[in-house]
Amino acid sequence: MVRMVHCVVLGHEAPGLDYVPYPGALGQRIYAGVSKEAWQRWLDHQTMLINEYRLTPIEPKARQFLVGEMEKFLFGSGAAKPEGFVAEGGEKPKP
């Protein structure tokens, strides 16, 4: 049976995660209120941040930055894309 959650990102009921994806209280909060779809959206956004900012996730400053962005993405007003980000196949915005 699929565990359903009221997803804070999507704003409606959706299948929940199968496991706690992050340690501690933040992980429990994610497990309780973030759907699989929203978590995948975060993972995609995180990958883009790592690539665009050339982050090394094992570095403490990079991890701190990513945790902050994860909280904004999942529980805040959303996380912005890096300035000048161009999606694959897209055009760079004009200044």
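Readers should treat all values here as calculations from the given coordinates under stated rules, not as data from a laboratory. This structure is a prediction, so every number in the text was calculated from the model and none was measured. All Cβ positions, even for glycine, are placed from backbone atoms using ideal geometry, and neighbour counts span all protein chains on display.
Computed values, structure above
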| read-out | value |
| --- | --- |
| Cα-only Debye scattering, region 4-75: base-10 log of I(q)/I(0) at q = 0.11, 0.18 Å⁻¹ | -0.27, -0.68 |
| By average C-beta atoms within 10 angstrom, highest first, the peptides 40-52, 18-30 | 40-52, 18-30 |
